[in-house]
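Asks: One structure, as structure tokens, below. Some questions next.
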Amino acid sequence: MVKPVTVRNLHGQVVHELGRLIVGGEIAPGQNLPREELLAERMNVSRTALREAMKVLSAKGLIESRQKTGTRVRDTVHWNQLDADVLAWRCASMPTEDFVEKLVEMREIIEPAAAAAAARRRSPEQLARVDTAYEAMAAAASLDDWTTADLAFHEAVLHATQNELMISLFSVIETALGTYFVLSARTAGDFKYSLPHHKKVLDAIRRRQPEVARQAMTRMVIDSRSNIRRRGKS
């Protein structure tokens, strides 16, 4: 489940269209954008709206403007990769094997530590939230229902850490996690294949067993990666 980029006005529409083309690779790093007047005409917008859009794209690290050379796409190392729009544009294109590996690596770093912290600090209300998300996963009748509940489960675990930095992180990585969960579930014969792993994480958090929770979450991530790799080779 990938959140669509919200388009509220004309310059927002230009941001979305150019951002999608850049992040999707149709306008490559190092490539110059057409001159302002030509680009405004091509996109059927005013130069004022175009300039506002360029400011937004520049703030996201996607482009840079120089007086003599014009506006060009920056190398990906300069992109704000955790920007919600950049993630949404990247996830909207079919995720590459390299991108999936990076998502796995991100999960390996963040989620086992979060599960351990949740087991140490969770309140009864936070545990109930994790449990509710698990029950929604168990009851899911479709891939969309499953993905929504899966995201809610991982968000609830992050909230149970009682670490505001971890909690804030979810809003940043939600799009990437949603894409990964859909990809993982879609490549499995049964989209509920990982339910037992989630149950082990839930039980460890319930019993306040940090290391057990850490290991259960690690196994979940590793199993998901193996499933994607296995299906990719079939």
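A short reminder: the numbers here are calculations on the coordinates, not readings from a lab. Bear in mind the structure is a predicted one, so any value in this text is a computation, not a measurement. Positions of Cβ are backbone-derived with ideal geometry, glycine not excepted, and every protein chain shown enters the neighbour counts.
Asks: For the chain, set up a GNM with springs between Cα atoms under 10 Å and report which of I63, I205, I27 has the largest fluctuation.
Replies: Its mean-square fluctuation being the largest, the pick is I27.
Asks: So who's got an amide H within less than 5 Å of the one on R74, skipping anything under 5 residues away but keeping other chains? H placed 1.01 Å off N, in plane.
Replies: G30, I63, E64
Asks: So what is the relative contact order of the chain, in percent, for Cα pairs below 8 Å that sit 6 or more residues apart?
Replies: That works out to 22 percent.
Asks: Once the other residues with Cβ under 10 Å from the Cβ of T161 are scored (Lys, Arg +1; Asp, Glu -1), what is the net sum?
Replies: Computed value for this residue: +2.
Asks: Next question, about the same structure. Size of the dipole of the chain about the Cα centre, Lys and Arg at +1 and Asp and Glu at -1 on the beta carbon, nothing else charged, in debye to 20?
Replies: 340
Asks: ³J(HN,Hα) across the stretch 162-175 via Karplus (A = 6.51, B = -1.76, C = 1.60, θ = phi - 60°), whole Hz, x for Gly/Pro?
Replies: Listing the rounded values in order: 6, 10, 4, 5, 4, 5, 5, 4, 4, 5, 7, 9, 4, 4 Hz.
Asks: Here's a follow-up. Contour minus end-to-end for R206 and S65, with contour as 0.36 nm per residue of separation and end-to-end as the Cα-Cα distance?
Replies: 45.4 nm
Asks: Right, here's the next one. Ordered by residue, what ³J(HN,Hα) values in Hz, to whole numbers, does the stretch 59-65 give under the Karplus form 6.51 cos²θ - 1.76 cosθ + 1.60, where θ = phi - 60° and Gly and Pro are x?
Replies: 5, 7, x, 7, 9, 9, 10
Asks: What per residue convex hull volume, in Å³, comes out for the stretch 10-78 when only alpha-carbon positions are used?
Replies: Value for the stretch 10-78: 77 Å³ per residue.
Asks: Working from the alpha-carbon coordinates of the chain, get Rg over Rh, Rh being the Kirkwood radius.
Replies: Result: Rg/Rh = 1.06.
Asks: Take the alpha carbon atoms of the stretch 7-39, find their center, do the same for the stretch 97-123, and report the distance between the two centers in whole angstrom.
Replies: First find each Cα centre; the distance between them is then 33 Å.
Asks: What is the ratio of the Cα radius of gyration of the stretch 96-233 to 2.2 N^0.38 Å, where N is its residue count, to two decimals?
Replies: Its radius of gyration relative to the 2.2 N^0.38 Å reference: 0.96.
Asks: Right, here's the next one. Relative contact order of the stretch 10-78: what whole-number percent is it, with Cα pairs under 8 angstrom and at least 6 residues apart?
Replies: It comes to 40 percent, rounded to a whole number.
Asks: State the answer as a single residue: which of H78, H11, S123 lies farthest towards the positive end of the charge dipole of the chain, with beta carbon charges of +1 for Lys and Arg and -1 for Asp and Glu, about the Cα centre.
Replies: So the residue we want is H78.
Asks: Something else now. Hey, got the dipole for the stretch 96-233? About the Cα centre, +1 on K and R Cβ, -1 on D and E Cβ, debye to the nearest 20?
Replies: 540
Asks: K192 to E164: FRET efficiency via 1/(1 + (r/R0)^6), r the Cβ-Cβ distance, R0 35 Å, to the nearest 0.05?
Replies: It comes out at approximately 0.65.
Asks: Could you please report the charge total around H197, scoring K, R as +1 and D, E as -1 over all other residues with beta-carbon less than 12 angstrom from its beta-carbon?
Replies: That works out to 0.
Asks: What residue among D75, D144, D98 has the largest mean-square fluctuation in a Gaussian network model of the chain, using Cα springs under 10 Å?
Replies: Highest fluctuation of the listed residues: D98.
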